[in-house]
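The values are calculated or read from the model by the stated rules, or taken from the named source; none is laboratory data. Here the structure is a predicted model, which means the values were calculated and not measured. Cβ atoms come from the backbone with ideal geometry, glycine included; neighbour counts cover every protein chain shown. Accessible surface is based on the protein model in full, side chains and every heavy atom, while ligands, DNA and RNA are left aside. Shrake-Rupley method; radii C 1.70, N 1.55, O 1.52, S 1.80 Å.
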Amino acid sequence: MSIETLENVENPLEAGLTILGSTLIVDDISLRIVEVEAYGGEKDGPWPDPAAHSYRGRTPRNSVMFGRAGRLYVYRSYGMHLCMNISYGPDGVAGGVLLRAAEIEAGHDVVSARRSPDRPSHQWARGPGNLGASVAITLADNGTDVFDSASRIRLELGEPEEWVSGPRVGVSTAAEVPWRLWIPDSPAVSAYRRSPRAPAIS
């Protein structure tokens, strides 16, 4: 699969499935993406999603989501953690897939030095903030073309043999949308935590 696969997706769910099971390469570190969360775009676009950063339109912060497919959208969560998204869809239409968790396949020594070496390795990149910390992502990486062979951060698309979907984590709006996708047999998949600001499940 190639960047054209992400450019021509029909909906956010398809975009998430395109990235789930792929390999993320950052310098000498290689990770298998085992959990993602898909987000749509602006309210007047083809995939309106009130939980997306792009829902109210383009801003300097979210402009990467409106650009070409295959760009890295990096943002700071809760003022502490840096999270990574991959843009998808045609140029000018917002969409992003949050990388939620990954298994370390190469570069264990590098990641161990950044994370807690006394914790099991499957926990090092469990959760989007931990994943970002494992590969030392920075705000300067925002906009990186992950399909450019010269990039420090690259994505090699793959396909999961099995996958499960469920409601998204931590969002207060559109929390029930089942666009969180994960590989069920992976120990690196994060636990589901519903936002306390989301409407109660009836």
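Under 6 Å by Cβ, and 6 or more places apart or on different chains, what pairs join a residue from the range 126-143 that is on the phi > 0 side of the Ramachandran plot and outside any helix (DSSP H, G or I) with one that is buried (at least 18 other Cβ atoms within 10 Å of the Cβ) and among the polar types (S, T, N, Q)? Here the result reads 127/190, each pair linking the range 126-143 to a residue that is buried (at least 18 other Cβ atoms within 10 Å of the Cβ) and among the polar types (S, T, N, Q). Pairing each residue of the range 160-181 that is open to solvent by 60 Å² or more (accessible area, probe 1.4 Å) with any residue that is part of a strand (DSSP E or B) and aromatic (Phe, Trp, Tyr), provided the two are 6+ apart or on different chains, yields C-beta distances under 8 Å for 163/182. For first residues located in the range 82-101 and buried (at least 24 other Cβ atoms within 10 Å of the Cβ), partners that are assigned to a loop (DSSP other than H, G, I, E, B) and acidic (Asp, Glu) and lie 6+ apart or on another chain with Cβ distances below 9 Å form the pairs 94/42; 94/49; 95/49.
Taking (1) crowded, with 23+ Cβ neighbours inside 10 Å; (2) under 24 Å from residue 185 (Cα atoms); (3) not charged (D, E, K, R) in turn, residue 104 satisfies each apart from (1). Within the set 136, 94, the sole residue that is among the aliphatic types (A, V, I, L, M), under 14 Å from residue 53 (Cβ atoms) and more than 14 Å from the chain's Cα centre (by Cα) turns out to be 94.
A quick yes/no check of all residues on (1) open to solvent by 10 Å² or more (accessible area, probe 1.4 Å); (2) free of Cβ contacts under 8 Å to residues at least 40 places away in the same chain; (3) more than 25 Å from residue 133 (Cβ to Cβ); (4) of a type in the set (D, E, K, R):
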{"residue": "10", "(1), (2), (3), (4)": "yes, yes, yes, yes"}
{"residue": "20", "(1), (2), (3), (4)": "no, no, no, no"}
{"residue": "26", "(1), (2), (3), (4)": "no, no, no, no"}
{"residue": "30", "(1), (2), (3), (4)": "yes, no, no, no"}
{"residue": "38", "(1), (2), (3), (4)": "no, no, no, no"}
{"residue": "44", "(1), (2), (3), (4)": "yes, yes, yes, yes"}
{"residue": "54", "(1), (2), (3), (4)": "no, no, no, no"}
{"residue": "59", "(1), (2), (3), (4)": "yes, yes, yes, no"}
{"residue": "76", "(1), (2), (3), (4)": "yes, no, no, yes"}
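Inclusion of residue 119 among residues that are in a loop (DSSP other than H, G, I, E, B) and farther than 20 Å from residue 31 by Cα is not warranted.
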